[in-house]
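Here is the structure we will look at.
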Amino acid sequence: MLVTFDDILTADELAAVRSQLSRAPWSTGLSAGPQAMLAKKNQQLPEDYAGLPDLRRLVMRALNRSPLLLSAALPHKVVPPNFNRYTPEHSHYGWHTDSTLRYLPDGSVLRTDISATLFLSDPEAYEGGELCIEDTYGQHPVKLSAGSLVIYPSGSIHEVRPVTHGERLACYLFMQSAVKDTECRRQLYEMDQALMDLRQRCGEGDPALVRLTGLYNNLVRRWSEC
Ligand code: NI
């Protein structure tokens with residue numbers, strides 16, 4: 001399931017992130033496994049960059065504000081977000097899948113169920129640079145407005161197409177969902193959206209809605225692993 005969320009960052013947050021990134025050092029060749037390393041031609045912020053903790057806090061705060069994102073992802077654990085940069089010199093990230101296990105700074109391990117990209121550059125500011133995600137329905141190029149986010153299953157093969165002009169800044173992160181199975185997660189999201197719609201039309205206290213909400217919660221209880 002590929003889902004997009006508009007305006008995850010406010011205009012002020014976006015300006016703050018861009019200003020910080022304009023002063024940041026960039027490096028090549030971190031963070032990917034051996035196969036992905038062959039495909040990876042972009043740059044990213046080094047892990048020891050002093051500005052990274054504040055940037056991460058800002059993004060995490062913004063993600064946690066979005067009830068739709070929480071409903072679609074049902075996050076259990078999140079790898080601290082990082083930031084990358086594509087220019088004509090460091091232009092693309094060829095077809096790859098994201099590695100399944102990530103080791104967190106606290107020593108715990110996380111299974112990547114969901115990958116996310118938060119677009120930070122205006123789409124007009126660069127040419128190319130689409131994130132292209134393949135599923136059983138074909139290839140889906142994604143290029144969102146600055147401050148908007150896409151999530152997709154970490155197991156899907158994907159690429160960032162070459163940037164031929166300008167600069168593409170983005171933030172990326174991985175989540176372990178409380179519900180491991182992509183199809184179960186998709187059905188829960190669909191059901192939750194229908195429930196939100198019914199709440200608007202019937203009111204929170206409608207007896208059938210109370211029952212359906214209970215069923216939704218019991219499905220989450222049945223399918224979640226945390
Ligand atoms: Ni990737």
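Quick notes
- Positive-end residue, the stretch 3-177 charge dipole about Cα centroid, Cβ charges, pick of Gly94, Ser66, Leu110: Leu110
- Using 0.36 nm per residue and subtracting the Cα-Cα separation, the extra length available between Met196 and Leu104 on full extension is 29.7 nm.
- Taking packing as the residue-averaged number of other Cβ atoms within 10 angstrom, the listed peptides 183-195, 149-161 run from highest to lowest as 149-161, 183-195.
- Label point at Ala39 placed 7 Å out along Cα→Cβ; residues across the stretch 164-192 whose backbone nitrogen lies under 17 Å: 172-174
- Distance histogram in 5 Å bins (all Cα pairs of the chain, percent per bin): 1, 6, 13, 18, 19, 17, 11, 7, 4, 2, 1, 0
- Whole-Hz couplings from phi, Karplus 6.51/-1.76/1.60, listed for the stretch 209-226; x for Gly and Pro: 5, 4, 5, 4, 4, x, 5, 4, 5, 6, 5, 4, 4, 5, 9, 7, 10, 9
- For the stretch 63-77, 3J(HN,Hα) computed residue by residue from phi via the Karplus equation (6.51, -1.76, 1.60; θ = phi - 60°) reads 4, 5, 7, 9, x, 5, 5, 4, 5, 6, 9, 6, x, 9, 9 Hz, glycine and proline entered as x.
- Peptides 139-147, 201-209 ordered by average Cβ neighbours within 10 Å, highest first: 139-147, 201-209
- 19 Å cut-off, amide nitrogen to a point 7 angstrom out along Glu89 Cα→Cβ, residues in the stretch 159-186: 162-170
- When you count the other C-beta atoms within 10 angstrom of each residue and take the mean per peptide, 85-94, 114-123 line up highest first as 114-123, 85-94.
- Top positive-direction residue, dipole computed over the chain with Cβ charges, set Gln139, His158, Pro81: Pro81
- Proximal lysines relative to Lys77, as straight alpha-carbon distance under 23 Å, when same-chain residues fewer than 8 apart are discounted: Lys180
- Between Leu209 and Ser19, the modelled label-to-label distance comes to 4.2 nm, taking each label 7 Å out from Cα in the direction of the beta carbon.
- Relative to the current alpha-carbon distance between Thr4 and Arg61, full extension at 0.36 nm per residue lengthens the span by 18.7 nm.
- For the stretch 140-148, backbone phi angles converted through the Karplus equation (6.51, -1.76, 1.60; θ = phi - 60°) give residue-by-residue couplings of 10, x, 10, 9, 9, 5, 4, x, 9 Hz, Gly and Pro being listed as x.
Values in this text are rule-based calculations from the coordinates and carry no lab data. Everything numeric here is computed off the predicted structure, so don't read it as measured data. Reconstructed Cβ throughout: ideal geometry from the backbone, glycine too, with neighbour counts over all protein chains shown.
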